[in-house]
Each structure stands twice: as C-alpha cells, then as structure tokens.
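Visitor: Dropping the structure in here first, questions after.
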Amino acid sequence: MPVQNGSHAEVEGVVERIVFFNEENHFCIAQIKPTKQKFQEGALTITGVMPSLECGETVLVKGEWLKHKSYGLQIKVAEFESRLPSTIYGLEKFLGSGMIAGIGKEYAKRIVARFGQDTLKVIDFDSKRLTEVEGIGAKRAKQIKASWEERRCLRDVMIFLQRYGVGVGTCLKIVRKFGMDSPRIIREEPYRTAREIDGIGFKTADKIALNSGIPNESPQRVETGILYALKEFEDEGDTRVPAGELEAKAAELLELTKERCAEAIGSLLKKNEIKIVCERSIQSAALDRCEAKLAERLEKISKTPSCLPPIKHEIALDWACRRMKVNFAPQQTQAILSALKDKVHIITGGPGTGKTTILRALCDILKAKKVKIALAAPTGRAAQRMSEATGLEAKTIHRLLGYDPAKGGFARNQNSPIDADFVIIDESSMLDTRLACAILSAIPNRANLVLVGDTNQLPSVGAGNVLKDIIESGCAGATKLEKIFRQGERSQIVVASHEILSGNSSIDGLVPTSLNAVQPERDIHFIEAQTPEECVEICARLAKTLLPRWYGADKISGSQILAPMHKGTAGIGVLNQTLQRELNPSQECASLGGNFFKEGDKIMQTRNNYDLDIFNGDMGIITKIRKEENSMSAKFENGTVNFERADCADLALAYAISIHKSQGSEFPIVIIPLLKQHFVMLQRNLIYTAITRARKKVFIVGDPYAFALAVKNSRTAQRRTALQERLKWR
C-alpha cells in the first residue's frame, strides 16, 4: 500500500523486537508485525516515546509516515495504545514473550493450540483448565494465573501512568507494594504513592491528583509537599533544614503562600511526622530518632569501662613490629596505642598513609590476647579488603547486623547486640545517619570502637556527615595520618591523589595526550577528548580492546568506568548502553523490571533487598536469564542470587557507575570520563575519590580544563545536621 511521507499513520501490530530504548527519555525504536494491513514485507519500524512497550504485546500506534533513506518505511509515533492480542499469531507471540511466568514459546503454542481464540478467557476465568495442556500441572497453572493477574494489574497501572512519564520499573514497585489495589490507590490516593514509592515524585503525584479533582490546598497535598521538600534537602545530605527555608521551598513547589505552608508544618509537628531541633530547624521524625540514638550510643560506649584484658601497650607494639617486620612511624604508633586505650577512637588518612598496616597490627595484638573482634565495612569490596589485610573475617555492616523478616528490621540491635569486645569499621566516611545509628545500636557498651576512614572522600550518599561530625565535636579521640608510606606499583596514583588534595592540577603523568601516545607502563594517564561523543568512543575502546591488549584485563570485569553524572551525552546512561552493545554484543536482550539485560552483563543492585540478602551498591554478572519465568540469576561476591521480575526493577547496568556509588570499592583499572558538561559536579573531592578507587591504573578521558576546574574547586556544600549539637556531652 503506497503512502506519502508525512501522511497520517494508524497501524495495529504485534511488537516483534525492541531495537533501542533510552531509559532517560523513554525514546524507543521497535519493530512490529501488522495484524491487518500489509504495508511491506516483514516487520514495520516504529519510533517515538513509548515508555512501557514490551515484546509480544499488541499495540495500536498513531503518528505519521516517514521514509528513511537507509531504513525504509517507518512510523513516527505520536501516541500508542496497548491492546490484548486478537489473532492466533498475536496470542502465541504475546504468551511466548516471557511476560507471563510459567509460559515460554513452546507452552504458548500448546495453550493457543488447545484453546484458540478463547485462550485469554480461559486464563482469566477458568485457569484450572490449563492443566488440559500437556506438561502443565496444577502448580504451573497456579503460577500462570498469578503472573497473569499481576500482569493485568501492571498493565492497568502502566497505561494510566505512561502519560506522566513513569517507567516500567517504578510501575512494578507500585504493584509489588499495593498489589491488586494499585490502580485504585494511584487514582484515589496519589499522594500516598509519592510518600511510599521511590520513583514517584511529588510532582508526578500532584499532576495525577489535580487531574483527579483533588483541591489545590487540600491538607494531603500541602503536607505531602512539605515532606517532599524536606526529602529534597535530605537527598542533598542535610538531616535538618531551617524552618524558613523549608517554608520557602514548599511555597515555591506548591505555589502557595508561606503562611499556608507554615500552617501545614504545624500540623505535621502535631502528628509527630517532623520535629523541631537546634537553631529552629525542621527534621524528619525518623532522622531525629537516628541522630538522638547515635549520640546516646556514643556516650554510653565511651563512658562504659572497657572489657579488654590488661595489655602492656609498648611491649605489644614491639611484638607487632617484629611479627610484621616493619618499623611503625610516630603517627602509626600513636594511632595503635590510642585505639587500644580509648573506648572510641577515629583513624583518618588518605591512600598510602598506613591505615592497613595499623589495622593489621591492631588485629594481631588483639588476636594474641584472645579478644573477640568484629570487622565491618559498608560495602562488600571494602569488607573483602579488610579480610585480606587482617587475616580475619570481615562482613558488610548489613550482614553483620543480619535481617529478621519477621520483625522487618535488623536482628542485631541494642536488645540483641553483636558478640564482640572490639569493633572496627572501615570506610567510615560512607556511614550515613541511618546506617551509623543501626551499627552503633548493636555494639555492646563494653566494646571498644575504632572508626577508620578518609574524610577527604565524598560524604555518604545518604543524609548526614557522621564521621566529620564526630571528629569536630571532640567527643572521641582522633589520629590523622598525613605521611605517605606506600610505594611500588600504586605510587603514581597515591602521589597524584595527594597532589589533587593540595589543589595542584599540574601532576606528573597527567599531561593530556592522544590515545595513540599512551604509555601503558605508567599508572596514571590523561587522554584528551574534544567532544562528549569522542569521550564515549575512547572509553569503549579502552574497555573493549586496549586494556585487554595491554594488561590482559577481562573486558567485562577488568576495568570500571566511574562517571560524574547520570545524564548527558557522556553520562552513565549512554555509557552503559554503549558498553553493553560493544562488550556484550552477541546475547539477546530481555526486558525485565523495565530494564534491558543480557546474559553476561555487569549489573548493580540499587536498593537494599534484605529478602535476597543483597544491598545497594553490590555488583555482579548476569549468569542466566529465564524469559519463560520472567526471572534471572547473577553471580555476586557472596554467591549467586535469583531475581524475580519485580526484583529486577532494582537492578541497573554497571559497566559505568557514578563516582558516588564507587565509594568503598576498589577496581584494578579505573576509567574516568571528565568533561565541561559535568561542571555541576566538578569538585576536588569528586576527582580525588574517583582516582583513589584504582589499584593499578587510572585513565582520565576528556577535557583538561574540566580536570583543572575540579581540582581547583575545593568548595563543598556544608551539610547541616543536628548531630554535633547532640554530641556536646563530653
């Protein structure tokens, strides 16, 4: 059928293949097989913003015809509508796409062959009849029915929310939280979704509510807006905000007067959802409890006598020197002695300043005295490094505390503390207020506590500034390590990191050069890229070809790209799509949880999942995708984890991750794209954190001006907390 370029198009078809999908703006290129019209042989290409499109579903697309000079006839989609399949082919494709757990391509053929046009009616109203199909027993029939119900509910939610730009992953979270009641809650209680679902912001809920006729000044709208504004301050790291600032921000967000917002703040105070703390500031009730408990626990631990056996400190120190065959520097000696004498002590310092040596000496002395030691760190990689350095088992804080599904919280707490006389927590700069409260609550009063960290790194991802607040309050002793001891293979990286801290951007080895002029034997390199596109291309070429050639590095796990920002031409989103295509090209994509994954992909968990014993920041490799069951498996440091479809919404590709997410981790080789378009994030502690994540090699790719700008910018936003005020008991 001949069509004119730019003329109106309206076609129904079955989605055969997702060619491209941009997670940021939901732009999609797909191929459909028309169910009625025959415009061309084979599949028809459709392009446009289609946030919930999945293989196997039947869609009605409307837009205009385009004749692409390279790809032929296409439809530029202006709007689309999902429909249940009506043809035998459509039914087979829909059921065999992997969207319904328990049905693969073979079972789809059998089911449709048995029930024909009545297939969906049988699944909907008489699912027991599925056992009439060869190979389907009662258990599988029940699984299919449950998955179909979830799918129908999810589709209702997705169709309703697609006009608001809400992605598939967030829709899955809604269905997982509210179940079959999800469609009603979205329409009738939209502000509840903003409060309880990560991914539904206030602005989205507000649009839904206003379209549903909820008044502009309704208490639920204004109060939710206040809490959302407070959460935005928390997302920036603050645990408290002056009342006037909160009123002003909420008034701007809600387009109401400050007086109306002040009235709503008063209502929330009466409900104990927020609290007033120092300097007439507002704090969420949860963070108020955490900071108060943190201060209480630090005081209790500090003032309770130690249960350590008698230790002749100088003799123990000499013994450790001989055992380790090292001579401790004065600062190291002071750190070890203070850690043994003080109930709570802090050791800070950058790379190469001897923190690892101190930890090993401490553990050797304590082991010799048969002291029960607990070692912990916020991330799995940091815990693994502790184990390697000390010869003792170290756990992540989450695993040390355990999780009790029956209680919905940690198994170890003040009433059931961990069994330890001496607790050491590494990478303590990563401790946010909530996690610090949880671990300190579980430490016995009798135990000694040592916090080890680098205060020059980026602060915690979560709200708070725990390590700095404790140091600046003076409530605990602290040793700051400044002399560089570490030499050898990492010396260039160590020296460069300390030069960056001093504000020097003219560093040996960081003279910008071309990719062809790289000297692989060096530890640190700066490869100049003129454009964001060239930057992405160089990063991909390094990971795919050059690093394996130079160092024998595995192209998937041998290097890690650490980027400043998620969005943009050289942002994490684009980098991940490019690297997935370049490094893992042969595997077929599967849509799971709103993401497109392949077997062999590098992934990261983005939310704590206590049921699966996997936590925010954990990284792994996909080992198996089971389309028929809407599930997959991935190998992590602590073993293989099996993910159902809803769990996959909390996974992201991890060929490239943010520098913030890299804290507490180390990688053999680090690649850092750095451009002027990242200017919002360019700060000294950002580039310092990125460089110090590398064990062997660092490659900065981008603009020398952007690097100089980052090194010169020592200004960091001052986080506002109430913890220091609460720590004035000393």
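The values are calculated or read from the model by the stated rules, or taken from the named source; none is laboratory data. It should be emphasised that the depicted structure is a prediction, and the values quoted were computed from it without experimental measurement. Positions of Cβ are backbone-derived with ideal geometry, glycine not excepted, and every protein chain shown enters the neighbour counts. Remember, those area values only see protein heavy atoms, side chains included, never the ligands or the DNA or RNA. Shrake-Rupley method; radii C 1.70, N 1.55, O 1.52, S 1.80 Å.
Here's the yes/no breakdown for (1) among the charged types (D, E, K, R); (2) assigned to a helix (DSSP H, G or I); (3) farther than 24 Å from Thr348 by Cβ:
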site: Ala376; (1), (2), (3): no, no, no
site: Ala383; (1), (2), (3): no, yes, no
site: Ala389; (1), (2), (3): no, yes, no
site: Leu400; (1), (2), (3): no, yes, no
site: Gln414; (1), (2), (3): no, no, yes
site: Pro417; (1), (2), (3): no, no, yes
site: Ile424; (1), (2), (3): no, no, no
site: Ser429; (1), (2), (3): no, yes, no
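Visitor: Okay, next question. Of the residues that sit in the range 237-290 and are of a type in the set (A, V, I, L, M), open to solvent by less than 40 Å² (accessible area, probe 1.4 Å) and assigned to a strand (DSSP E or B), which one is farthest from Leu727 (Cα to Cα)?
Guide: Ile274
Visitor: Which one of these does Lys480 not meet: (1) out of contact with any strand residue (DSSP E or B) (no Cβ under 7 Å at 6 or more places or on another chain); (2) among the charged types (D, E, K, R); (3) closer than 30 Å to Leu467 by Cβ?
Guide: (1)
Visitor: Could you list, in sequence order, the residues of the range 210-228 that are surrounded by 14 or more Cβ atoms within 10 Å (Cβ to Cβ) and closer than 18 Å to Leu268 by Cβ?
Guide: Gln220, Arg221, Val222, Glu223, Thr224, Gly225, Ile226, Leu227, Tyr228
Visitor: Looking at (1) out of contact with any strand residue (DSSP E or B) (no Cβ under 6 Å at 6 or more places or on another chain); (2) touching a residue at least 40 places away in the same chain (Cβ under 8 Å); (3) assigned to a helix (DSSP H, G or I); (4) not basic (Lys, Arg), find the lone condition where Pro351 falls short.
Guide: For Pro351, the failing item is (3).
Visitor: Among the residues that make up the range 142-162, is at least one of them open to solvent by 30 Å² or more (accessible area, probe 1.4 Å), out of contact with any Leu (no Cβ under 9 Å at 6 or more places or on another chain) and part of a loop (DSSP other than H, G, I, E, B)?
Guide: no
Visitor: Tell me which residues, restricted to the range 695-723, are more than 30 Å from Thr239 (Cβ to Cβ), open to solvent by 70 Å² or more (accessible area, probe 1.4 Å) and touching a residue at least 40 places away in the same chain (Cβ under 8 Å).
Guide: Arg695, Lys696
Visitor: Looking only at the range 440-491, filter to residues that are assigned to a loop (DSSP other than H, G, I, E, B), touching a Lys or Arg at 6+ places or on another chain (Cβ under 8 Å) and β-branched (Val, Ile, Thr); which one of those is surrounded by the most Cβ atoms within 10 Å (Cβ to Cβ)?
Guide: Across the range 440-491, the extreme among qualifying residues is Ile443.
Visitor: Among what's in the range 7-29 and is modelled with pLDDT of 85 or more and either under 17 Å from Phe597 (Cβ atoms) or surrounded by fewer than 17 Cβ atoms within 10 Å (Cβ to Cβ) (or both), pick the residue that is nearest to the chain's Cα centre (by Cα).
Guide: Only one residue fits best here, namely Cys28.
Visitor: Run Ile46 past the list (1) at pLDDT 90 or above; (2) closer than 25 Å to Gly169 by Cβ; (3) in a helix (DSSP H, G or I) and report the number of the one that doesn't hold.
Guide: Status for Ile46: all satisfied but (3).
Visitor: Determine whether the range 192-206 contains at least one residue that is over 23 Å from Ala722 (Cα atoms), free of Cβ contacts under 8 Å to residues at least 12 places away in the same chain and among the hydrophobic types (A, V, I, L, M, F, W, C).
Guide: Checking the range 192-206: not a single residue is over 23 Å from Ala722 (Cα atoms), free of Cβ contacts under 8 Å to residues at least 12 places away in the same chain and among the hydrophobic types (A, V, I, L, M, F, W, C).
Visitor: Just to check your reading of the model, which residue among Leu547, Leu501, Leu510 is in contact with a strand residue (DSSP E or B) (Cβ under 8 Å, 6 or more places away or on another chain) and at pLDDT below 90?
Guide: Going through Leu547, Leu501, Leu510 in turn, just one is in contact with a strand residue (DSSP E or B) (Cβ under 8 Å, 6 or more places away or on another chain) and at pLDDT below 90: Leu510.
Visitor: Would you check which residues across the range 537-555 are open to solvent by less than 40 Å² (accessible area, probe 1.4 Å) and assigned to a loop (DSSP other than H, G, I, E, B) and list them?
Guide: Ala553
Visitor: Moving on. Would you mind listing the helices (runs of 4 or more DSSP H) fully within the range 80-127 where at least 2 residues are modelled with pLDDT under 85 and either under 30 Å from Val49 (Cα atoms) or open to solvent by less than 10 Å² (accessible area, probe 1.4 Å) (or both)?
Guide: Fully inside the range 80-127 and qualifying: 88-95.
Visitor: Could you tell me whether Leu359 is closer than 27 Å to Arg726 by Cβ and out of contact with any Cys (no Cβ under 6 Å at 6 or more places or on another chain)?
Guide: No; evaluated as a whole, the condition is false for this residue.
Visitor: Here is a follow-up. Of everything in the range 517-536 that's in a helix (DSSP H, G or I) and in contact (Cβ under 8 Å) with a residue 40 or more places away in the chain, which residue is most open to solvent (accessible area, probe 1.4 Å)?
Guide: Pro532
Visitor: Find all pairs meeting these conditions: Cβ atoms under 7 angstrom apart; at least six residues apart or on different chains; first residue within the range 140-153 and over 10 Å from Ser127 (Cβ atoms); second residue open to solvent by 40 Å² or more (accessible area, probe 1.4 Å).
Guide: Qualifying pairs under 7 Å: Cys153/Met180.
Visitor: Just give me the residues in the range 588-602 being at pLDDT 85 or above, surrounded by 22 or more Cβ atoms within 10 Å (Cβ to Cβ) and not in a strand (DSSP E or B), in sequence order.
Guide: Of everything in the range 588-602, just one residue is at pLDDT 85 or above, surrounded by 22 or more Cβ atoms within 10 Å (Cβ to Cβ) and not in a strand (DSSP E or B), namely Asp601.
Visitor: Right, here's the next one. Mind telling me which of the residues Lys231, Lys207 ends up being open to solvent by 10 Å² or more (accessible area, probe 1.4 Å), assigned to a helix (DSSP H, G or I) and farther than 24 Å from Val277 by Cα?
Guide: One residue alone meets the criteria, Lys207.
Visitor: Six or more apart or on different chains, Cβ atoms under 8 Å: show the pairs whose first residue is in the range 664-678 and at positive phi and whose second is not in a loop (DSSP other than H, G, I, E, B).
Guide: Short answer, once both residue conditions are applied: Gly664/Ala377; Gly664/Arg381; Gly664/Ala382; Gly664/Met430.
Visitor: What residue, among those in the range 566-587 that are assigned to a helix (DSSP H, G or I) and open to solvent by less than 40 Å² (accessible area, probe 1.4 Å), is farthest from Arg381 (Cα to Cα)?
Guide: Top of the filtered list is Thr578.
Visitor: Of these, Ser302, Ser387, which one is touching a residue at least 12 places away in the same chain (Cβ under 8 Å), surrounded by fewer than 17 Cβ atoms within 10 Å (Cβ to Cβ) and polar (S, T, N, Q)?
Guide: Checking each option against the conditions leaves just Ser387.
Visitor: Does Glu64 qualify as being exposed (fewer than 15 other Cβ atoms within 10 Å of the Cβ) and either within 25 Å of Cys171 (Cα to Cα) or at pLDDT 85 or above (or both)?
Guide: No; evaluated as a whole, the condition is false for this residue.
Visitor: For the range 622-661, how many residues are open to solvent by less than 60 Å² (accessible area, probe 1.4 Å), in contact with a strand residue (DSSP E or B) (Cβ under 9 Å, 6 or more places away or on another chain) and more than 27 Å from Val166 (Cα to Cα)?
Guide: Of the residues in that region, 2 qualify.
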